[in-house]
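The values are calculated or read from the model by the stated rules, or taken from the named source; none is laboratory data. Please read all numbers here as calculations on a predicted model, not as lab measurements. Positions of Cβ are backbone-derived with ideal geometry, glycine not excepted, and every protein chain shown enters the neighbour counts.
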Amino acid sequence: MRRLAPWAAGVLAVAALPALARNTFFLHVCILVFMWTVLGAAWNVLGGFAGQVSFGHASLFGIGAYVTIILYLEAGIAPWWGIPLGGLAAAAASLPIGLICFRLRGPYFSLSTLAVAELVRLVALNWEWATNGPVGFLITALPPLSFLGHAVNWEAKAPFYAVAAALMLLALASTAWLRRSRLGAYLAAIRENEDAAEAVGIDTVRAKVLTLALSAFLAGAGGGFYAFYFRYIDPDAVLNIGLSMEMVFIAMVGGLGTVGGPLVGAVFLTTIGEAVRERFQVGHLIFYGLFMMLVIRFLPEGIWGRARRLLANARARVLLHGAARG
Amino acid sequence: MEAFVQSLVSGVLTGVLYAMIGIGLTVVFGVMRIINLAHGEMVMLGMFAAFWGRSLWHLDPFLSVLLWTPAMFVVGMLVYRFLLRKIIPGGELNTLLYTAGLSLLVANLALFAWTGDYRTINLPYALTPMRPFGIAVPIPAAIAFGVALAITAALWLFLSRTDMGRAIRATSQNAEAAVLMGIDVERVAVVTFGLGTALAGAAGVLLAPSLYLYPTVGELLIVKCFVIVVLGGLGSVPGAIAGGILLGVVESFGAVYVSTTYKDGIGYVIFLLVLLFRPSGLFGVGRS
């Protein structure tokens, strides 16, 4: 019960936010924060919990975005069905990628994911019959939908806010589940010492491939949401290396291997990014790079990781104090 | 036949420059076990140094390489001393992520300062290529080839003949044994990082007249660079030379005989295959 209390409070807060602030720009930033939380959590599942640093998550994001938008434009399947289908497609695509790249370890794994992501980008750029090549896809109108008897207004932010919030909740809940599951324990063992994990009988390849599939589902669903919200994708927008890096940074700045880390990282980096973008148009990535370096140098456990530790210490001190007096 | 020789020649010409960049990455990896993701940005800085030297002071890029190579050496030493040194004990993955941050920072600072415009350096002697034996050889590429060969030869002499060079090779073979033999590993690391950066910068200066310059060009180069060092075996200098020339030739043949659009893809496929089946490099000299 006590474990569920912060979750209930979080859900209430997310539900109450749009009622408090009707400012469109504020809602836009919230939507971005939720989307980046999903992507940061997707990367964190693999990079933070299993210690497998991927530099190629943009490929999974891009696959989700392309599947969602192609299903809608070519087959008429509405994006709210397309988003989970995009996630499933990314999870399916992650199986061969995982079987190839997981034969390598450490930095070699990272480099191989980079190469795979570049290959996916080249394919999207050149298979024009499927992907429209560099031109990309544009959604001109979203399908009509009625919710509780009212037609949904796709020009407002509120419907997107609801979808993004649901996706974020899914991402955070699945990370929380993973942390407490048997698979999560396997991953911690793999992260700390892969040979030892194998020696005690953990099927490390299976554990890593499963985790990658979960990570890919979240990244692909995030990509589907991107296509749904921005209504335009091309290889440069959804498949570039920079996107993979941003996912890494959000998880890293928030705190590797924590449940709340990606949310904190996304709040922090997206707010800074949007503030800088408002003022200078370009340059928010300068701050991403800078924060990345500062965090690794001074705060390797991330903002949320450090905050949680300080909180736990304080609580222990209060308890000790109480015990000594009582 | 003529197309074959032509693409072989132009492949080797670019290959030697690729090799220079690769050597920079590979010596740094050998000594410090760092995969420097910001290496491509160092090449980019060299390219822009050549550009500004040309447009502000009318310096010929092939003369200014004499100025920029030592300058980049100092930049490298400073980067190591003030940014990287404290990070390295934190482990391979932390360093990898840290240099990813550095790469993003430098590329976007450059984007902020110099805008994303594509620039070129126009040299008067670049307009008509030489035609020895009927093969077109652009003059800037030929000069760059010569200078790159000279720099690589000088580096070879430095590594094999001087005390510092021997210390670098010893540290790269076995860092603990090197410490026990009285080598100041910290100093070796500073010099090696300076050397790697200087090589990247020099290659950038030499490449500048033949390529478009833009602040995010490093992204493209760093991936090529990984292909090169993995082909040759991480940590091996001769491997990086062979890998660089091989990639140059493969790309140039790929562009002629397969398609220009998949030119870069060929490199990545070879890269994955080598990583999977020969992780110590084609020549079996690298360490994984």
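Would you be able to say whether some residue in segment B:105-117 is closer than 30 Å to A:Ser244 by Cβ, within 18 Å of the chain's Cα centre (by Cα) and surrounded by 13 or more Cβ atoms within 10 Å (Cβ to Cβ)? Yes; the residues of segment B:105-117 include at least one that is closer than 30 Å to A:Ser244 by Cβ, within 18 Å of the chain's Cα centre (by Cα) and surrounded by 13 or more Cβ atoms within 10 Å (Cβ to Cβ). Scan segment A:76-84 and give yes if some residue there is hydrophobic (A, V, I, L, M, F, W, C), surrounded by fewer than 24 Cβ atoms within 10 Å (Cβ to Cβ) and over 20 Å from the mean Cα position of the chain (by Cα), otherwise no. Within segment A:76-84, one or more residues are hydrophobic (A, V, I, L, M, F, W, C), surrounded by fewer than 24 Cβ atoms within 10 Å (Cβ to Cβ) and over 20 Å from the mean Cα position of the chain (by Cα). Is it the case that B:Leu123 is of a type in the set (A, V, I, L, M), within 9 Å of chain A (Cβ to nearest Cβ) and touching a Pro at 6+ places or on another chain (Cβ under 8 Å)? The answer is no for B:Leu123. Within segment A:226-239, can one find any residue that is within 14 Å of chain B (Cβ to nearest Cβ), surrounded by 24 or more Cβ atoms within 10 Å (Cβ to Cβ) and within 21 Å of A:Ser94 (Cα to Cα)? Yes, the conditions are met somewhere in segment A:226-239. Inside segment A:260-302, residues that are assigned to a loop (DSSP other than H, G, I, E, B), more than 8 Å from every other protein chain (Cβ to nearest Cβ) and either more than 30 Å from A:Ala185 (Cα to Cα) or touching a Lys or Arg at 6+ places or on another chain (Cβ under 6 Å) (or both) make up a count of 2.
Have a look at A:Gly48, A:Gly10 and point out the one that is buried (at least 22 other Cβ atoms within 10 Å of the Cβ), modelled with pLDDT under 90 and under 16 Å from A:Gly260 (Cα atoms).
Values: A:Gly10 fails: buried (at least 22 other Cβ atoms within 10 Å of the Cβ).
Only one candidate passes the filter, namely A:Gly48.
Counting residues in segment B:80-97 that are closer than 30 Å to B:Asp60 by Cα, surrounded by fewer than 19 Cβ atoms within 10 Å (Cβ to Cβ) and of a type in the set (A, V, I, L, M) gives zero.
Give the residues of segment B:55-64 that are at pLDDT 85 or above and not hydroxyl-bearing (Ser, Thr, Tyr), sorted by residue number. Steps first, answer last, please.
Within segment B:55-64, the subset at pLDDT 85 or above is B:56-57, B:64.
Listed by number, the residues that qualify are B:Leu56, B:Trp57.
In segment A:134-155, what residues are more than 15 Å from A:Tyr72 (Cβ to Cβ) and in contact (Cβ under 8 Å) with a residue 40 or more places away in the chain?
Quick first cut of segment A:134-155, residues more than 15 Å from A:Tyr72 (Cβ to Cβ) only: A:134-135, A:146-153, A:155.
Matches in segment A:134-155: A:Pro134, A:Val135.
Taken over segment A:15-37, residues that are of a type in the set (Val, Ile, Thr) and in contact with a Pro (Cβ under 8 Å, 6 or more places away or on another chain) amount to 1. Within the set A:Gly322, A:Gly302, A:Gly283, A:Gly289, the sole residue that is on the phi < 0 side of the Ramachandran plot and either in contact with a Leu (Cβ under 8 Å, 6 or more places away or on another chain) or modelled with pLDDT of 80 or more (or both) turns out to be A:Gly289.
Taking interchain pairs and intrachain pairs at least six residues apart, which have beta carbon atoms under 7 angstrom, with the first residue in segment B:210-232 and more than 9 Å from every other protein chain (Cβ to nearest Cβ) and the second small (Gly, Ala, Ser) and surrounded by fewer than 20 Cβ atoms within 10 Å (Cβ to Cβ)? Pairs found: B:Tyr214/B:Gly116; B:Pro215/B:Gly116.
No other residue among A:Phe61, A:Phe26, A:Phe34 is closer than 19 Å to A:Ala164 by Cβ, surrounded by fewer than 16 Cβ atoms within 10 Å (Cβ to Cβ) and under 22 Å from the mean Cα position of the chain (by Cα) apart from A:Phe26. With respect to the conditions (1) surrounded by 22 or more Cβ atoms within 10 Å (Cβ to Cβ); (2) more than 18 Å from A:Ala166 (Cβ to Cβ); (3) touching a residue at least 60 places away in the same chain (Cβ under 8 Å), A:Ala93 falls short on a single one, namely (1).
With respect to the conditions (1) touching a Gly at 6+ places or on another chain (Cβ under 8 Å); (2) part of a helix (DSSP H, G or I), A:Ala41 lacks only one, and its number is (1).
Restricting segment A:75-119 to residues that are facing chain B (nearest Cβ under 10 Å) and of a type in the set (A, V, I, L, M), the residue that is nearest to A:Ala197 (Cα to Cα) is A:Leu104.
Can you name every one of the helices (runs of 4 or more DSSP H) wholly within segment B:1-103 that holds 1 or more residues which are touching a Leu at 6+ places or on another chain (Cβ under 6 Å) and in contact (Cβ under 8 Å) with a residue 24 or more places away in the chain? Explain how you work it out, then say what you get.
Details: elements: B:2-32, B:39-57, B:61-78.
Correct list: B:2-32, B:39-57.
Looking for whichever is at pLDDT below 90, surrounded by 24 or more Cβ atoms within 10 Å (Cβ to Cβ) and not aromatic (Phe, Trp, Tyr) here; the options are B:Val28, B:Val43. Which one fits? Break it down into steps so the answer makes sense when it comes.
Details: B:Val43 fails: at pLDDT below 90.
Only one candidate qualifies: B:Val28.
Of the residues making up segment B:233-250, those that are surrounded by fewer than 23 Cβ atoms within 10 Å (Cβ to Cβ) and either of a type in the set (Asp, Glu) or within 11 Å of chain A (Cβ to nearest Cβ) (or both) number 0.
Inspect all residues belonging to segment A:135-148 and state whether any of them is surrounded by 13 or more Cβ atoms within 10 Å (Cβ to Cβ), closer than 27 Å to A:Phe225 by Cα, in contact with a Leu (Cβ under 8 Å, 6 or more places away or on another chain) and within 14 Å of chain B (Cβ to nearest Cβ). Checked segment A:135-148: no residue is surrounded by 13 or more Cβ atoms within 10 Å (Cβ to Cβ), closer than 27 Å to A:Phe225 by Cα, in contact with a Leu (Cβ under 8 Å, 6 or more places away or on another chain) and within 14 Å of chain B (Cβ to nearest Cβ). For segment B:189-204, the condition of being in contact (Cβ under 8 Å) with a residue 12 or more places away in the chain, more than 22 Å from B:Thr69 (Cβ to Cβ) and under 13 Å from the mean Cα position of the chain (by Cα) holds for none of the residues.
Taken over segment B:207-243, the criterion of being assigned to a loop (DSSP other than H, G, I, E, B) and closer than 28 Å to B:Leu111 by Cβ is satisfied by B:Leu211, B:Tyr212, B:Tyr214, B:Pro215, B:Thr216.
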